[in-house]
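Here's the structure we're looking at; comments come further down.
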Amino acid sequence: MDSLKNIYTKKQYEVLRYSINKEPKILICNGAKRAGKTFILIQAFLLHMHEYKGMGVSFIIGGATSSSIQRNILDDMEQLIDGEIKLNKNGGFELWGNMVYCFGGANSDSWKSVRGFTAAGAFLNEGTALHDSFVKEVISRCSYKGSRVFIDTNPENPMHSVKTDYIDNDGQLLSDGRVNIKSFNFTLYDNDKLPKDYIESIERVTPSGMFYDRDVLGLWVAAEGVVYKDFDKDIHLIDHIPGTEEIDYYIGGIDYGFEHYGSIVVIAKCKSGNYYLIEEVAEQHRYINWWIDVALELQEKYPYIQFYGDYARTEYIQQMKEAGINIEFANKSVVEGINTVGSLLKTKKLFFIKDKFKKGLDEMYLYVWGSTKANGKEEVVKRNDDVLNLYRVHHKKIA
């Protein structure tokens, strides 16, 4: 084992050594992104599977989607076993005389797909991205003698079930004295194989508050207070786009409303990598034909603009397309969008033209984190987001 100290980080070596010597029933690596959690657990999982070589047993790999399983698990696994992994029609592959089955586990009914299994072990990738019922079902299916479960996850709300049901029970023992649950927490700094300039870059671009605490320090913290903590009116509000900038393309975001404000914003992306909000239209009690007229005017004013519309009203997007507006469905991943915009604010790459940014400026100080869903996912308060909503909903072409 001592020779492995040169291959792995100190924390990875600690995890692997513990896994081999103690063989905990449930082994969890949680914490910061890019800290080396998944890679070391894949190796621990492979060592566990190898113990059953030629026994004809089954194993489970669970992830948010089939593509995330391929990207996060199978690609690295192929390198470690020095062989190609090809999934059959049932989402499984053979390894060392056993079958390994892959399942997506993000949906509430995902647990049904693993019913009937008797497994000798499981790897659950991105634990907080999986539905609680799926996680519990997979663990219950690992009933073969000596079976073990390996879970990697980034932090989310401290009331998430992965945290409360498993991580908070770190060190829990079985009646015979063996370890039932062991959890290791990682920070970004635990990965001493990363270049120093990479770590410094991540520190600089990660938004302050929740994102920094989770993604860099590996902490399970709640989302509290104002969403965009790095917004500074003295920095981000400007009179005009600097003359040195060269505009690359325009992005338009459309959010439909009636009783609540509907809105359109236009953002100019420059070759420097900076973004500038140059138009804001926010109105109540306007019908779709009015919004079509506004979008057509903006499309004429800003050549080759690409609009992104909230797909909650697909019929409106279709009407806009029929009217000749260049529009696509938006990406509505809320927290991902907030993270992207927050990063641009922190790195001083997103700016707002003062005389255009009116309602959005008011919202900037009132847009706050709210309640947490039963599964531990954060939500923003659905108020004061009629304009700011566009930056998290329509971030597809930002950064």
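The values are calculated or read from the model by the stated rules, or taken from the named source; none is laboratory data. Please read these numbers as outputs of a predicted model, since none were measured by experiment. Positions of Cβ are generated from backbone atoms using ideal geometry, with glycine treated the same way; all protein chains shown enter the neighbour counts.
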**OP:** Answer yes or no: is there a residue in the stretch 3-14 that is out of contact with any helix residue (DSSP H, G or I) (no Cβ under 8 Å at 6 or more places or on another chain) and in contact (Cβ under 8 Å) with a residue 12 or more places away in the chain.
**Re:** yes
Original post:
What's the number of the condition MET159 fails, among (1) at pLDDT below 95; (2) under 23 Å from THR65 (Cα atoms)?
Top reply: (2)
Original post:
Name the helices (runs of 4 or more DSSP H) wholly within the stretch 181-259 that hold at least 2 residues that are touching a residue at least 40 places away in the same chain (Cβ under 8 Å) and within 28 Å of SER161 (Cβ to Cβ)?
Top reply: 210-215
Subject >> Considering residues of the stretch 77-101 that are surrounded by 15 or more Cβ atoms within 10 Å (Cβ to Cβ) and not hydrophobic (A, V, I, L, M, F, W, C) only, the residue nearest to ARG141 (Cα to Cα) >> reply: TYR101
**OP:** Confirm whether PHE123 is part of a strand (DSSP E or B), touching a residue at least 12 places away in the same chain (Cβ under 8 Å) and of a type in the set (Phe, Trp, Tyr).
**Re:** yes
Original post:
Considering LEU87, LEU41, which residue is farther than 15 Å from ARG148 by Cα and in contact with a strand residue (DSSP E or B) (Cβ under 6 Å, 6 or more places away or on another chain)?
Top reply: LEU87
Original post:
Taking the stated definitions as given, is GLU279 over 29 Å from the mean Cα position of the chain (by Cα), surrounded by fewer than 18 Cβ atoms within 10 Å (Cβ to Cβ) and more than 19 Å from LYS332 (Cβ to Cβ)?
Top reply: no
Subject >> Selection count, the stretch 112-146, where residues are in contact with a His (Cβ under 7 Å, 6 or more places away or on another chain) and farther than 22 Å from TYR52 by Cβ >> reply: 1
Original post:
In the list TYR287, TYR302, TYR308, which residue meets the criterion of being of a type outside the set (Lys, Arg) and under 22 Å from the mean Cα position of the chain (by Cα)?
Top reply: TYR308
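Residue-by-condition table, conditions (1) part of a loop (DSSP other than H, G, I, E, B); (2) surrounded by 12 or more Cβ atoms within 10 Å (Cβ to Cβ); (3) not hydroxyl-bearing (Ser, Thr, Tyr):
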residue: TYR8; (1), (2), (3): yes, yes, no
residue: ARG17; (1), (2), (3): no, yes, yes
residue: THR38; (1), (2), (3): no, yes, no
residue: GLN43; (1), (2), (3): no, yes, yes
residue: LYS53; (1), (2), (3): yes, no, yes
Original post:
Quick one: how many residues across the stretch 296-340 are closer than 16 Å to GLY262 by Cα, of a type in the set (Ser, Thr, Tyr) and in contact (Cβ under 8 Å) with a residue 40 or more places away in the chain?
Top reply: 2
Original post:
Got a sec? Which of PHE117, PHE93, PHE103 is of a type in the set (Phe, Trp, Tyr), free of Cβ contacts under 8 Å to residues at least 12 places away in the same chain and in the same structural domain as ALA32 (by TED's automatic domain parsing)?
Top reply: PHE93
**OP:** State whether the residues of the stretch 221-242 include one that is of a type in the set (Asp, Glu), under 30 Å from VAL266 (Cβ atoms) and buried (at least 16 other Cβ atoms within 10 Å of the Cβ).
**Re:** yes
Original post:
What number goes with the only condition from (1) modelled with pLDDT under 80; (2) crowded, with 18+ Cβ neighbours inside 10 Å that GLU379 does not pass?
Top reply: (2)
Subject >> Yes/no for ASN326 being in the same structural domain as GLU259 (by TED's automatic domain parsing), at pLDDT below 90 and not small (Gly, Ala, Ser) >> reply: no
**OP:** For the stretch 118-138, state whether one or more residues are surrounded by fewer than 14 Cβ atoms within 10 Å (Cβ to Cβ), modelled with pLDDT under 95 and not hydroxyl-bearing (Ser, Thr, Tyr).
**Re:** no
Original post:
Could you list, in sequence order, the residues of the stretch 69-116 that are assigned to a helix (DSSP H, G or I), under 21 Å from VAL135 (Cβ atoms) and of a type outside the set (Phe, Trp, Tyr)?
Top reply: ILE69, GLN70, ARG71, ASN72, ILE73, LEU74, MET77, SER110, LYS112, SER113, VAL114
**OP:** Starting from residues that are polar (S, T, N, Q) and in contact (Cβ under 8 Å) with a residue 40 or more places away in the chain, keep the ones in the stretch 30-53 and report whichever is farthest from LYS163 (Cα to Cα).
**Re:** THR38
